[in-house]
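Starting off with a structure, shown below.
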Amino acid sequence: MAGLRKQTKYNIAETNIAMLGSDLEKKVREAAAATEPAWKNAGKDVGLEIWRIEKFNVKAWPKDSYGTFYKGDSYIILNTFKKAGENALKYDVHFWLGDETTQDEAGTAAYKTVELDDFLGGAPIEHREVQDVESALFLSYFKTPIIILEGGIESGFRHVKPEEYQPRLLHIKGRKKIHVTQVPLSRDSLNSGDCFILDLGTLLFSWIGKDAGVMEKAKATQVAEAIESDRKGKARAQTLSENDNEEKFWAPLGGKGPIKSASEAPDLEASHGPKKLVHVSDASGTFTFDEVATGSFKRDQLNTNDAYIVDNGEEVFAWVGKGASEGEQRQAINFATRYLMENKLPEWTPVTRVLEGREGGAFGKSFTK
């Protein structure tokens, strides 16, 4: 990920809650989970549930806003599903951190994710997601690309009528994973390699950079159509090429002028390095890492009595065997974050805790058959 600069207002490494693993501590957590009002009906039915952290509290996110997140917030997302031919409910629980969320909200999201895991009997697979570098699994929950907007709970989120919208510029970027993120309302935000939507409330402009990819072009159209539909006929979309002179598009951006090249845009999908299988141990009282293999490795190299880092170059899995120590089981997200820090890898890399016997499809794809 050379050359990528990502800024957050919180310390990602401090958003993971250390679990001591004692019987007393476990009972205290389970009792707290049982009394959290937000979890009353959580995970009872197949489907997606989202909550936002609001000043240490867990509040249900409106269903008509699913797929829209705010940079200043932290969220918990629970996906409940059944595997084909099975009746048992399965769970993936994610906590999502916006770039401008507070340290308190980020920490609360991490803690409450563990609490929800406890409420569901330890059955979920846990994931940590960071804005702009979400996992493919997380993005797959939404029919259209997620939209990340400025502001959050501190700035007072509210629905407004299309004609009352303040102009905003949305950046559509990605190859395998498309992101839609609000960026500063300025010509300087544009680049030839991506697509953008200028949202004027009742008028939408899809601006297509001359070097934009096929997927980005398609998603720009899809997002514009979704916004049109959401506004129930009160908005009209128009597509522009990079060289169009439409005054209504350029005026809110400060006027037409030079545009950045595609090479000047950061690549959030670049691999952070080769695939690795790393053995994890807390036998010495602290977590230690011993590399087992680089480049390629097989599933049968995992030992049920141990814990491992499975790093596929884009996402990190903390795999915990059934016979692993209590500390390794409870602190999987923590030791995965420690692995990123010690290897000077991007701390915002997607991290997933995987328990033996509950592995998902993305985990299996990391191995050589």
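Which one of these does Val278 not meet: (1) assigned by TED's automatic domain parsing to the domain that holds Gly364; (2) without any contact (Cβ under 8 Å) to a residue 40 or more places away in the chain?
Result: Val278 passes all but (2).
Another question about this same structure. For residues that are in contact with a strand residue (DSSP E or B) (Cβ under 7 Å, 6 or more places away or on another chain) and in a loop (DSSP other than H, G, I, E, B), scanning just segment 112-133, find the one that is nearest to Val180 (Cα to Cα).
Asp132
Checking the condition farther than 21 Å from Phe142 by Cα, aliphatic (A, V, I, L, M), modelled with pLDDT of 90 or more and more than 26 Å from the chain's Cα centre (by Cα), which residue from Leu198, Leu204 passes?
Leu204
Where residues in segment 290-311 are buried (at least 17 other Cβ atoms within 10 Å of the Cβ) and under 26 Å from the mean Cα position of the chain (by Cα), which of them is nearest to Leu345 (Cα to Cα)?
This residue is Asp311.
In the list Arg29, Arg5, Arg52, which residue meets the criterion of being basic (Lys, Arg), outside any loop (DSSP other than H, G, I, E, B) and at pLDDT below 95?
Arg29
Any residue at all in segment 155-165 that's at pLDDT 90 or above, out of contact with any His (no Cβ under 7 Å at 6 or more places or on another chain) and either more than 28 Å from Ile50 (Cα to Cα) or in a loop (DSSP other than H, G, I, E, B) (or both)?
No - not one qualifying residue is present in segment 155-165.
Determine whether segment 313-332 contains at least one residue that is at pLDDT 85 or above, in contact with a Phe, Trp or Tyr (Cβ under 9 Å, 6 or more places away or on another chain) and over 23 Å from Lys90 (Cα atoms).
Scanning segment 313-332 turns up no residue that is at pLDDT 85 or above, in contact with a Phe, Trp or Tyr (Cβ under 9 Å, 6 or more places away or on another chain) and over 23 Å from Lys90 (Cα atoms).
Starting from residues that are aliphatic (A, V, I, L, M) and within 15 Å of Tyr308 (Cβ to Cβ), keep the ones in segment 341-369 and report whichever is surrounded by the fewest Cβ atoms within 10 Å (Cβ to Cβ).
The qualifying residue surrounded by the fewest Cβ atoms within 10 Å (Cβ to Cβ) is Leu355.
Right, here's the next one. Hey, among the residues in segment 188-239 that are charged (D, E, K, R) and in a helix (DSSP H, G or I), which one's surrounded by the most Cβ atoms within 10 Å (Cβ to Cβ)?
Glu216
When segment 80-92 is examined, which residues are found to be surrounded by 19 or more Cβ atoms within 10 Å (Cβ to Cβ) and touching a Ser or Thr at 6+ places or on another chain (Cβ under 9 Å)?
Correct list: Tyr91, Asp92.
Also, I was wondering about something else. So, Ala336, is that one surrounded by 21 or more Cβ atoms within 10 Å (Cβ to Cβ), at pLDDT 85 or above and under 13 Å from His127 (Cβ atoms) or not?
Criteria met by Ala336.
What do you reckon, is Lys248 among the basic types (Lys, Arg), under 24 Å from Leu185 (Cβ atoms), without any contact (Cβ under 8 Å) to a residue 60 or more places away in the chain and part of a helix (DSSP H, G or I)?
Considered against the rule, which asks whether it is among the basic types (Lys, Arg), under 24 Å from Leu185 (Cβ atoms), without any contact (Cβ under 8 Å) to a residue 60 or more places away in the chain and part of a helix (DSSP H, G or I), Lys248 comes out as yes.
Which residue out of Asp99, Asp132, Asp92, Asp117 is free of Cβ contacts under 8 Å to residues at least 60 places away in the same chain, assigned by TED's automatic domain parsing to the domain that holds Ile148 and among the acidic types (Asp, Glu)?
Exactly one of Asp99, Asp132, Asp92, Asp117 is free of Cβ contacts under 8 Å to residues at least 60 places away in the same chain, assigned by TED's automatic domain parsing to the domain that holds Ile148 and among the acidic types (Asp, Glu), namely Asp117.
I've got another one for you. Which of the following residues is at pLDDT below 90 and over 30 Å from Glu342 (Cβ atoms): Ala251, Ala226?
Unique residue meeting the criteria: Ala226.
Next question, about the same structure. If you check Ser140 against the conditions, is it loosely packed, with under 15 Cβ neighbours inside 10 Å and either at pLDDT 85 or above or not aromatic (Phe, Trp, Tyr) (or both)?
Yes; evaluated as a whole, the condition is true for this residue.
Then there is this: Out of the residues in segment 31-62 meeting the condition of being farther than 12 Å from Ile76 by Cβ and aliphatic (A, V, I, L, M), tell me which one is nearest to the chain's Cα centre (by Cα).
Only one residue fits best here, namely Val46.
Also, I was wondering about something else. Being exposed (fewer than 12 other Cβ atoms within 10 Å of the Cβ), of a type in the set (A, V, I, L, M, F, W, C) and closer than 17 Å to Thr101 by Cα is the filter here, so list the residues in segment 36-77 that pass it.
Within segment 36-77, Phe56 is the sole residue that qualifies.
Considering only segment 291-337, state which residues are under 26 Å from Asp118 (Cα atoms) and either assigned by TED's automatic domain parsing to the domain that holds Ala109 or assigned to a helix (DSSP H, G or I) (or both).
Within segment 291-337, Glu326, Gly327, Glu328, Gln329, Arg330, Ala332, Ile333, Asn334, Phe335, Ala336, Thr337 meet the criteria.
The values are calculated or read from the model by the stated rules, or taken from the named source; none is laboratory data. Model, not experiment: these values are computed from the prediction. All Cβ positions, even for glycine, are placed from backbone atoms using ideal geometry, and neighbour counts span all protein chains on display.
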